[in-house]
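Participant: I'd like to ask you about the structure that follows.
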Amino acid sequence: MSKPLSILAQGVRASTTIEIDSMYKKMKAEGIDVIGFGAGEPDFNTPDNIKLAAIVAINNNFTKYTPSSGTLSLRQAVCDRLFEDCKVSYTPSQIVVSNGAKQCLYLALSVLTNPGDEIIFQAPYWVSYYEMVKMTGGNPVIVETGEESGWKLTPEMLETAITPKTKALILNSPSNPSGVVYTKEELQGLADICVKHDIYVIADDIYYKLIYDGLEFTCIASLGEEIKKLTILINGVSKSYAMTGWRIGYLAAEPEIATVIGNFQSHASSNPNSIAQAAAEEALTGPQSGIETMRRAFEGRRDYFLEKASKIKNIKCIHPHGAFYIMMDVSYYFGKNLYGKRIENADDFANLFLDKGLVALVPCTGFGAPKHVRWSYATSMENIKTGLERLEIFLEG
Ligand code: PMP
Ligand code: GLU
């Protein structure tokens, strides 16, 4: 009998978003007429100028190792973009480029966390936060939010959750899955508490370009030197430039923190892909107008979805102001039968809807919101129309 695997690793659950997306892609490849609202990735293609930069990089044999935290020119491009878009000033030595924002989050948690340290984040939360905190030896401390606080964490709620073991707060605005966008004042309130208690903030800004209703993005690190020193800012090119498969994300932090993270990465994975770095540099420095085209398309789809869904009985959507997800409360159906099957929870609902309705959704059980399922509207209007029609038929049971 072989020895058991690490206890920490055995406790890790597969990512629901990735799992559902794989299932959807498999069904699709088998010729099944399934519609996917699962994993959140823009359905747009990576812009041509970015693709060309990668082709040029290959042709120029830019195919060797780079500095493990990323090329100097890419890190400078990150600094320039952060300065322009987020009003925060960093130097290249404060930047680490990695394999997606996901890897940046993992690196940040790895270097902050001692065994048993508490990491606070709100529910609903992105599924990977919970697992990553456990994977890096921390204890997730989840603060429930609901309609009363607009699905937001308030300074009071944060302060109540803080203990002597608290190490960091993970903040995600615009949020996956709720689409919540924090105002400057709200972030200031949270920043004040973090400064008062000397707590790091891992600010996951990956959806910063996807904001609707005329709201504006605020980067928490821009709210003053004290909070900036405590912030590990996470961002990347996946969502803003339709580059999910290229796997480039970046983080910005105090120089000492960035150095430790860079050391960590130099042993864990070395540099992210050199060609993808060249593409990301073009994304950050080239024309930015494609983002607005995409943002507008998402806003239109969101409006269309909410309008159509508002006419469907017994379900209720959270109105998102950012990202590209809609959380739908389906708890009316819990304890009831559809197609002769009893629905006990959001997982049952999503499984049965995939089976009978041929629509792939993510149940929000793994997001700390067990009454909800999540639709990603980063898909065509046509798919949204058909998906909601299928929902109506499905709910007839
Ligand atoms: N943070 C959030 C909130 C996300 O939804 C995602 C999903 N892609 C990520 C980070 C990771 O993005 P990336 O593709 O850059 O790893
Ligand atoms: N972040 C996206 C999602 O939540 C992509 C999949 C993933 O990385 O989890 O669906």
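Participant: Within segment 251-259, can one find any residue that is more than 15 Å from residue 42 (Cβ to Cβ) and free of Cβ contacts under 8 Å to residues at least 40 places away in the same chain? Spell out how you get there, then give the answer.
Facilitator: Step one: filter segment 251-259 for residues more than 15 Å from residue 42 (Cβ to Cβ), giving 251-259.
Next, from what is left, pick out any that are free of Cβ contacts under 8 Å to residues at least 40 places away in the same chain: 256.
Within segment 251-259, one or more residues are more than 15 Å from residue 42 (Cβ to Cβ) and free of Cβ contacts under 8 Å to residues at least 40 places away in the same chain.
Participant: A further question on this structure: Which members of segment 7-48 meet the condition of being outside any loop (DSSP other than H, G, I, E, B) and either in contact with a helix residue (DSSP H, G or I) (Cβ under 7 Å, 6 or more places away or on another chain) or aromatic (Phe, Trp, Tyr) (or both)? Walk me through how you get there before you give the answer.
Facilitator: Filtering segment 7-48 down to residues outside any loop (DSSP other than H, G, I, E, B) leaves 7-10, 16-29, 35-36, 48.
Scanning segment 7-48 gives 8, 16, 17, 24, 35, 36.
Participant: Among what's in segment 16-57 and is among the polar types (S, T, N, Q) and out of contact with any Lys or Arg (no Cβ under 9 Å at 6 or more places or on another chain), pick the residue that is nearest to residue 244 (Cα to Cα). Outline the logic, then answer.
Facilitator: First, the residues of segment 16-57 that are among the polar types (S, T, N, Q): 16-17, 22, 45-46, 49.
Remaining after also requiring out of contact with any Lys or Arg (no Cβ under 9 Å at 6 or more places or on another chain): 16, 22, 46, 49.
Details: 16: 17, 22: 15, 46: 9, 49: 16 Å.
Checking each candidate, the answer is 46.
Participant: Now for a separate question. Does at least one position in segment 172-191 carry a residue that is within 16 Å of ligand 1 (Cβ to nearest atom) and assigned to a strand (DSSP E or B)?
Facilitator: Within segment 172-191, the first condition is being within 16 Å of ligand 1 (Cβ to nearest atom), and the residues that meet it are 172-182.
Still in the list and also assigned to a strand (DSSP E or B): 172.
Within segment 172-191, one or more residues are within 16 Å of ligand 1 (Cβ to nearest atom) and assigned to a strand (DSSP E or B).
Participant: Counting only residues that are more than 11 Å from ligand 2 (Cβ to nearest atom) and within 26 Å of residue 242 (Cβ to Cβ), how many does segment 1-15 have?
Facilitator: Initially, segment 1-15 is screened for residues more than 11 Å from ligand 2 (Cβ to nearest atom), giving 1-13.
In the following step, the residues that additionally are within 26 Å of residue 242 (Cβ to Cβ) were identified as none.
The qualifying residues number 0.
Participant: Scan 179, 189 and give me the residue that is over 18 Å from residue 235 (Cα atoms) and not aromatic (Phe, Trp, Tyr). Reasoning before the result, please.
Facilitator: Numbers: 179 fails: over 18 Å from residue 235 (Cα atoms).
On inspection, the qualifying residue turns out to be 189.
Participant: Any idea how many residues of segment 64-93 are outside any helix (DSSP H, G or I) and either loosely packed, with under 13 Cβ neighbours inside 10 Å or of a type in the set (Lys, Arg) (or both)? Working first, answer last.
Facilitator: Keep residues of segment 64-93 that are outside any helix (DSSP H, G or I), which gives 64-71, 87-91.
Filter once more, so that each one left must be either loosely packed, with under 13 Cβ neighbours inside 10 Å or of a type in the set (Lys, Arg) (or both): 64-65, 87, 91.
Within segment 64-93, residues that are outside any helix (DSSP H, G or I) and either loosely packed, with under 13 Cβ neighbours inside 10 Å or of a type in the set (Lys, Arg) (or both) number 4.
Participant: From the residues in segment 194-218 that are farther than 17 Å from residue 288 by Cβ, surrounded by fewer than 21 Cβ atoms within 10 Å (Cβ to Cβ) and of a type in the set (A, V, I, L, M, F, W, C), which one is nearest to ligand 2 (Cβ to nearest atom)?
Facilitator: Residue satisfying both the conditions and the ranking: 215.
Participant: Let me confirm something: among 299, 392, which residue is surrounded by fewer than 20 Cβ atoms within 10 Å (Cβ to Cβ) and farther than 22 Å from residue 181 by Cα?
Facilitator: Working: 299 fails: farther than 22 Å from residue 181 by Cα.
Unique residue meeting the criteria: 392.
No value in this document is a laboratory result; all are computed from the given coordinates. Since the model is a prediction, treat every value here as computed from it, not as a measurement. Glycine also receives a Cβ, built like all others from the backbone with ideal geometry; neighbour counts cover every protein chain displayed.
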